[in-house]
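Input: a single structure, listed below in structure tokens.
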Amino acid sequence: MAVKGRVLSVASECVPLIKTGGLADVVGALPAALRVQGWEMQVLLPAYRRLRGLLPGLREVWREPNLWGGEGVVFQGEVEGVPVLLLDAPHLYDREGGPYNGAGGDWPDNPQRFAALSWVAARMAREGFAGWKPQVLHAHDWQAGYAPAYLAYGGPSGVGSVMTVHNIAFQGWADAGMLGVLRLPREAFHPGQLEYYGGLSSLKAGLVTADRITTVSPTYAAELMRPEFGMGMQGLIAARAGVVSGILNGVDTEVWSPEAEPVPFSVKAMKGKATARLALCEEFGLSVPTGPLAIVVSRLTDQKGIDLLPQVVPEFIASGGALVVLGSGDPALEGAMRGLEQRFPGRVAVRIGYDEGLSHRLFSGADAVLVPSRFEPCGLTQMYGLRYGTVPVVALVGGLADTVIHASPAALAAGVATGVQFHPTDAVAFGQALRQLVALYADPKLWARVQRNAMGHPVGWETSAAAYAALYDGLTA
Ligand code: ADP
Ligand code: GLC
């Protein structure tokens, strides 16, 4: 397809280079998805320790002499088809630890580290580089929030900007005293622009200055305008409702493909899934359950409702179910999960850690995936569940509301149900949803129908990529 335009995407994570959550999956998937729509996209990322070594044949395309205590050099390369730009600034990014923290907690200079990323993004978008001039700057989450702001405060640029919220819980807070340090205009320090409850928020800066705001599901877009979900930002987002839209994430259907698993299966040939289920029980020393084998693959945090599991799992186990948890995060929740494993040997297994390969085996072999989130901008694991006939049991929030069709009597009668939803996110409703799961599973014909529906539900990028393309088209028209 002919190139319609170019987008500079700026983010702190991108698969396959660096990932702490779904943000990385989405940022890494967008370039290929948009290429099909005629939009070229390059992704600007910090060159965290060891990242440069992962890309062969890097070439220098930009130099920024004065980047908060040192020089920044941008190298262009490609990894697994993703065109990336690495901002190399060792004084900011060459550290042992994660992208946001080391052994001692959050890096204290995170405001400068991500202001630097945003600063370079805005400059490169404005000037163009190596013969490549973007029409759109697309910023993801608080880490890139200052990018649309620097672009806007720098005067007319002819470059459109998009701010995407993947999670409003992380807001990029900084003390008001940082205004000058962060190269932000003093006259913009008021509630209509940069000021946020007496301080600064890079996310707010992006939300008030970008031409368009998107988030990762239509329901979350509506939720963000309400106090229960907006986390302080609801008013300013509601005030810009005319430029807000929700575009669902997709999943990479080549990576997440039951046909491509070691024990392949498909809607038409489900035998492989039964084999994978047995293998999973064996791998974890579980007795093969008479009821559903459920999984959780998640960050173990308050957002994900993991604390509800100890309240609902005993009854689920008593009614024949089994559970495997893969995740890491909050030490108290990790402990609670280990406690469940000790209490129910042979019925509950817990793996603390991050393991991509294991997550594929879990989705292949399990009957259901549990996602009891308190809020969920989009969520990816319920979509992996759909694709693998691993029936999602999800809280009725955000993207979980938009991607699963609840097995209500009407939906079952119409033959369209793909999973079980519950509301509110508490142990009573979650317990009831698990009871429904057990009942569905006990009816093999009905169960097979729900699995088939789930596996037929489209979870790829096509529709969403077209929506992003339309958004970019609108900015350049
Ligand atoms: P969030 O970004 O809020 O963590 P998402 O559902 O959007 O939630 O994305 C999480 C991503 O991380 C998914 O690709 C999921 O499979 C993956 N993931 C989370 N925890 C683990 C883990 N312990 N091992 C392997 N993959 C994990
Ligand atoms: C965030 C959200 C998650 C979403 C992901 C990618 O991490 O918590 O719901 O799927 O971003 O957009």
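Any idea which residue in segment 340-378 is farthest from ligand 1 (Cβ to nearest atom), counting only those that are open to solvent by 30 Å² or more (accessible area, probe 1.4 Å) and part of a helix (DSSP H, G or I)? The qualifying residue farthest from ligand 1 (Cβ to nearest atom) is 343.
The set of residues from segment 84-143 being among the aromatic types (Phe, Trp, Tyr) and closer than 14 Å to residue 13 by Cα comprises 93, 100, 114, 142. Restricting 38, 21 to those that are within 16 Å of ligand 1 (Cβ to nearest atom) and in the same structural domain as residue 167 (by TED's automatic domain parsing) reduces the list to 21. Taken together, 228, 187, 195, 259 contain a single residue that is more than 19 Å from the chain's Cα centre (by Cα), closer than 30 Å to residue 356 by Cα and at pLDDT 95 or above, which is 259.
Would you point out the residue of segment 379-396, among those that are open to solvent by 10 Å² or more (accessible area, probe 1.4 Å) and of a type outside the set (Gly, Ala, Ser), that is nearest to ligand 2 (Cβ to nearest atom)?
In this case the residue turns out to be 380.
Residue-level analysis places residue 64 outside the set of residues that are buried (at least 22 other Cβ atoms within 10 Å of the Cβ) and among the charged types (D, E, K, R). Scanning segment 241-276 for residues being in a loop (DSSP other than H, G, I, E, B) and closer than 18 Å to residue 467 by Cβ gives a total of 7. Selection within segment 86-108: residues that are without any contact (Cβ under 8 Å) to a residue 12 or more places away in the chain and touching a Phe, Trp or Tyr at 6+ places or on another chain (Cβ under 9 Å). The member of this set that is farthest from residue 51 (Cα to Cα) is 106. If you take the residues of segment 127-147 that are over 24 Å from residue 90 (Cα atoms) and in contact with a Ser or Thr (Cβ under 6 Å, 6 or more places away or on another chain), which of them is surrounded by the fewest Cβ atoms within 10 Å (Cβ to Cβ)? Here the residue is 135. Among the candidates 181, 208, 162, 216, the residue that is under 25 Å from residue 398 (Cα atoms), outside the structural domain of residue 304 (by TED's automatic domain parsing), among the β-branched types (Val, Ile, Thr) and open to solvent by 10 Å² or more (accessible area, probe 1.4 Å) is uniquely 208. Test residue 433 against the criterion of being surrounded by 15 or more Cβ atoms within 10 Å (Cβ to Cβ) and within 22 Å of the chain's Cα centre (by Cα), and give yes or no. The answer is no for residue 433.
Scanning segment 1-53 for residues that are within 16 Å of ligand 2 (Cβ to nearest atom), open to solvent by less than 10 Å² (accessible area, probe 1.4 Å), out of contact with any Cys (no Cβ under 7 Å at 6 or more places or on another chain) and of a type in the set (Val, Ile, Thr) returns 10, 26. Here the condition is being within 16 Å of ligand 1 (Cβ to nearest atom) and either under 25 Å from residue 380 (Cβ atoms) or part of a loop (DSSP other than H, G, I, E, B) (or both); of 323, 308, it holds for 323 alone. Filtered by the rule that a residue be among the small types (Gly, Ala, Ser) and more than 10 Å from ligand 1 (Cβ to nearest atom), segment 399-411 gives 401, 407, 408, 410, 411.
Per the listing 279, 332, the residue uniquely touching a helix residue (DSSP H, G or I) at 6+ places or on another chain (Cβ under 9 Å), touching a residue at least 40 places away in the same chain (Cβ under 8 Å), assigned to a helix (DSSP H, G or I) and open to solvent by 40 Å² or more (accessible area, probe 1.4 Å) is 279.
The values are calculated or read from the model by the stated rules, or taken from the named source; none is laboratory data. Computed from a prediction, not measured in an experiment: that's the story for all the values here. Counting neighbours? That spans all protein chains shown, and the Cβs are built from the backbone with ideal geometry, glycine included. The protein model used for the area step is the full one, side chains on, heavy atoms only, and it has no ligands, DNA or RNA in it. Shrake-Rupley method; radii C 1.70, N 1.55, O 1.52, S 1.80 Å.
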